[in-house]
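Here is the structure we will look at, set down as structure tokens.
Coordinate-derived values only; no laboratory data. Values in this document were obtained by computation on a predicted structure and should not be read as measured data. Backbone-built Cβ (ideal geometry, glycine too); neighbour counts: all protein chains shown.
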There are 2 protein chains.
Amino acid sequence: MNNFLDLCREAIGASHVITNEADMASYLVDWRRRYTGRAQAVLRPGSVEEVAALVRLCVDAGVPICPQGGNTGLVLGSVPDLSGRAVVLSLGRMNRIRDIDLVNNTMTVDAGCILANIQQAADERDRLFPLSLGAEGSCTIGGNLSTNAGGTGVLRYGNTRELCLGLEVVTPQGEVWNGLRGLRKDNTGYDLRDLYIGAEGTLGIITGAVIKLFPRPKATLTALAAMQTTDAALKLLTLARQQCGATLTGFELMSQFCLELVAKHYPQMHAPFPQPYPQYVLLELSDSESEEHAMAMLESLITGALEEETIQDAVVAGSIAQSRALWDIREHITLAQADEGKNIKHDVSVPISRIGDFIHETDALLADRFPGIRMVTFGHLGDGNLHYNVSPPVDMPADDFMERQHEVNQVVHDSVHRFHGSISAEHGLGALKREEIKQYKSAVELRLMGVIKDALDPLHLMNPGKVL
Amino acid sequence: MNNFLDLCREAIGASHVITNEADMASYLVDWRRRYTGRAQAVLRPGSVEEVAALVRLCVDAGVPICPQGGNTGLVLGSVPDLSGRAVVLSLGRMNRIRDIDLVNNTMTVDAGCILANIQQAADERDRLFPLSLGAEGSCTIGGNLSTNAGGTGVLRYGNTRELCLGLEVVTPQGEVWNGLRGLRKDNTGYDLRDLYIGAEGTLGIITGAVIKLFPRPKATLTALAAMQTTDAALKLLTLARQQCGATLTGFELMSQFCLELVAKHYPQMHAPFPQPYPQYVLLELSDSESEEHAMAMLESLITGALEEETIQDAVVAGSIAQSRALWDIREHITLAQADEGKNIKHDVSVPISRIGDFIHETDALLADRFPGIRMVTFGHLGDGNLHYNVSPPVDMPADDFMERQHEVNQVVHDSVHRFHGSISAEHGLGALKREEIKQYKSAVELRLMGVIKDALDPLHLMNPGKVL
């Protein structure tokens, strides 16, 4: 027992300072269970004042801090390194919804609130909080903000960054910055809010936020359209944006191979078409008027696209169950790919207009190097964001393939870079991509990031080894 | 003639280095013509490389730089101080639209492009660039970005910040940061983009941007509704958001006194109602479907609001001319107020839910101190942004009133602060509010802003005397 941990116990209560290996385990292993870090303790403060007190103790003792929300990140951003020097600072106990303002359409929340609980609290008041992603039952809003999470609602509502009006942050010096403003307009100085959002806990610890609410749509409709090419899918996107405006809330691309994989491992989930097509788009409309209105809009879009042969077939879900069945296909792609065996994932974005060329060119480069390689390409086409995943050729042992992961990443990310894209569209850099990003960012940008880090966290105690 | 200016002439051509007092005059006087600064020269570079070269020359010679776009700012942010040491760096020659991508819905522009030209270029391609404000015929996109301009489209499309995907910036060291990304999702490090947006040229010079385009609406409808109180106006806002969703693109509040002033000085512009009401709301719907659809939606909203007596009367514009006539009333308030004589303006925001209380309480405080004071209150109610302007009592000499401007500002801004609002919602701080803001920002926030300034611009050459 050292003096530092005693002081932590004094600050937040002994029961909230975890040092037992078994109790620490779940805080130290990453979501995909590929990596386990070490820490001298897990600290679980119950208030912003306690967070600030702990940070000051860490500064005095020179102890690195790894802030953690739901620990559902995919880039090793929320687990500590192997040194064992760091503490994990878990926001999990700070899970209060502090305030809901229905006229201002805002909610003020603790950083440790679980996303699904926030969605539900909004729903109970006839409002929508539109951030939605796979881990929503476990991830926290603080983590969503720190990674600027994306998800399926970005096309209409933007990333987490666009859903936040104000923040409360504990600085690396242990001060509390109260920036919990519920304002749509405020031009009084530097945009600290957006600097902390997406900084993955390397500039300070987000402890609270004011988030935006929206009126709850009266009707949500889902359709699946089939087409020959990704360029046809892009043409449908342009049509849908013109005809449906902000009613278009989802536009997800899936290749035929994605659907084959899902049908193979989940035989009840298959495309509702008599024959296969190369590409599919899952469309979602959310309407503020009525289901009839949304249906008329959707049918008009589909009829037009069929007539001009942009798409070859389409079904509109006639019930919530049918809609669920269509989304189930989309959401089971990752699981089906895992069932199929080891694979290499990429979370990339390119300008929407370049998606067809990007896929065509990158597929060819990979096939050239790995004949028979199987592309599992799907994603948020409306945002230019692809989950461009790769499974080994059927005749290649998965472990041999995985040993060449670096080579695969290099081909894909070099291609992304040529298309002026991003090698991390919605997952962040964490520890996983912090070295790789140096190949793709300019020296100027890396210098600017370093200068900001040095200025705000001169001791480099905040989530060391992440981002930069 | 000094060596520094010779080097500038060499870098960008002698004809683009203005030192003649007469030719410099329009660059040195502010938009409202209340203040004239001094400069050793006005520099007019023609490319980002020339901007970078000039900045390096300024660094070598220790010359402060005042970046300038259309010079239409309202807070003395784009004119130099009185020392005569600075140069004005005008982006006016950099006015090229570099690229338009209709599938990605983006436009890449030089910072010196005039806003109205950008709007028109989008319109010609059946797209909308939704930033719209009074100075749009003169202001530049670089200035809009540097001040995070607001305007009338914020309710639906957000501030300028939300309309920008990527930036090109010349740093205070004379490097070029190429962040011209046309991506909806990119989570690879600190959000430099949003740090430069709204920094009013104090952290670097924005030279180019990738901005978002939207499908052009098929129909735009305008209505004017009359009601008893601002709380009723807020109730109408909630109804309109629920029923019209993203179709609601404008929601402007005007008091009866605003309309009286306009009718007094522009007799052809009067409210189309048989009797006066205390408050009015100008509503705008922009529809992606059709005029019929928008009209049905608007009529349903108005009928419901009349039936439940949230509003007392309403007219819907039946033609573009009628719509123009309604907007003319709104847009002539400032002019009518100027015709009436000197007055004191405030550009404030508070949480939307607090607007009624804010107006009620602040009106009373001012009336208490200045019996007979005339409130000219109007603004973007849907954004919580009021132009809370004040004309002197009819029996008080305007100059006596203007001498007490500081006192009036203090009452209004103290009240804004109590309501957790902003003393500059859309105009920025510039030189005008940089001292005043220190009363309202926490020491922590001021420290963080200073640390960032010192880190990025250690010589403090970028727009000195502005923001902080």
> Once phi is turned into θ = phi - 60°, what whole-Hz ³J(HN,Hα) does the Karplus curve with 6.51, -1.76 and 1.60 give for every residue of segment A:354-360, x standing for Gly and Pro?
Replying inline: 9, 4, x, 5, 4, 4, 4
> Can you work out ³J(HN,Hα) from phi for every residue in segment B:90-103, in order, using Karplus 6.51 cos²θ - 1.76 cosθ + 1.60 and θ = phi - 60°, giving whole Hz and x for Gly and Pro?
Replying inline: 8, 8, x, 6, 8, 10, 8, 7, 7, 6, 10, 10, 6, 7
> Taking a label point 7 Å from Cα toward Cβ, how far is A:Arg216 from its twins in the other copies, in nm, shortest first?
Replying inline: 3.8
> Where the centre of each part is set by its Cα atoms, how far does segment A:69-117 sit from segment B:306-327, in angstrom?
Replying inline: 46 Å
> Counting other C-beta atoms within 10 Å, which of A:Thr230, B:Thr36 has the fewest, and how do the rest follow?
Replying inline: B:Thr36, A:Thr230
> If we count every other residue with Cβ under 13 angstrom of B:Pro267's Cβ, Lys/Arg +1 and Asp/Glu -1, where does the sum land?
Replying inline: -2
> What lysines sit close enough to B:Lys466 to cross-link, taking a C-alpha to C-alpha distance under 22 Å and skipping anything fewer than 8 places away on the same chain?
Replying inline: A:Lys185, B:Lys345, B:Lys433, B:Lys438, B:Lys441, B:Lys453
> So what's the net charge close to B:Gln439: Lys and Arg +1, Asp and Glu -1, counting the other residues with Cβ under 11 Å from its Cβ?
Replying inline: 0
> Taking only DSSP H segments of four or more residues, each worth -39500 (n - 2.57), what value at 222 nm results for chain A once the sum is divided by all its residues, to the nearest 500 deg cm²/dmol?
Replying inline: -10500 deg cm²/dmol
> In nanometres, what is the gap between the two model label sites at A:Asp60 and A:Asn20, each 7 Å from Cα along Cα-to-Cβ?
Replying inline: 2.8 nm
> What are the residues whose amide H is under 5 Å from the amide H of B:Leu128, where those residues sit 5 or more places off or on another chain and H is modelled from the backbone?
Replying inline: B:Phe214, B:Arg216
>> So for segment A:341-427, averaging the separation of alpha carbon pairs under 8 Å that are six or more residues apart and normalising by length, what relative contact order in percent results?
In response: 46 percent
> If we hang a label 7 Å off Cα along the beta carbon direction at B:Glu403, how far is it from the matching labels on the other copies, in nm, shortest first?
Replying inline: 9.0
> Which listed residue (B:Thr229, B:Leu43, A:Thr247) has the Cα farthest towards the positive end of the charge dipole for the protein assembly as shown, taking +1 on Lys and Arg C-beta and -1 on Asp and Glu C-beta about the Cα centre?
Replying inline: B:Leu43
> Using r as the Cβ-Cβ distance of B:Gln256 and B:Lys218, and R0 as 45 Å, what FRET efficiency do you calculate, to the nearest 0.05?
Replying inline: 0.85
> So which aspartates and glutamates can A:Lys342 reach, going by Cα to Cα under 15 Å and dropping same-chain residues fewer than 8 places off?
Replying inline: A:Asp395, A:Asp399, A:Asp400, A:Glu403
> Once you put a point 7 Å from the Cα of B:Asp339 and another 7 Å from the Cα of A:Met402, both along the Cβ direction, what distance in nm separates them?
Replying inline: 7.8 nm
> What does the charge count near B:Ala61 come to, summing +1 for each Lys or Arg and -1 for each Asp or Glu among other residues with Cβ under 15 Å from its Cβ?
Replying inline: 0
> Once the dipole of segment A:15-139 is set up with Lys and Arg at +1 and Asp and Glu at -1 on Cβ about the Cα centre, which of A:Leu115, A:Ala52, A:Val17 lies farthest towards its positive end?
Replying inline: A:Val17
> Relative contact order of chain B: what whole-number percent is it, with Cα pairs under 8 angstrom and at least 6 residues apart?
Replying inline: 15 percent
>> Per 0.36 nm of contour for each residue apart, how much would the distance between B:Ser47 and B:Glu307 grow if the chain were fully extended, relative to their Cα-Cα spacing?
In response: 87.7 nm
> DSSP beta bridges in chain A, what fraction antiparallel, as a percent rounded to 5?
Replying inline: 85 percent
> Where the only charges are on Cβ atoms (+1 Lys, Arg; -1 Asp, Glu), what is the dipole of segment B:97-215 about its Cα centre, to the nearest 20 debye?
Replying inline: 280 debye
> Nm distances between the label at A:Ala364 and the same-position labels in the remaining copies, 7 Å along Cα→Cβ, shortest first?
Replying inline: 7.4
> Nearest 20 debye, what's the magnitude of the dipole of chain B about its Cα centre given +1 on Lys and Arg Cβ and -1 on Asp and Glu Cβ?
Replying inline: 980 debye
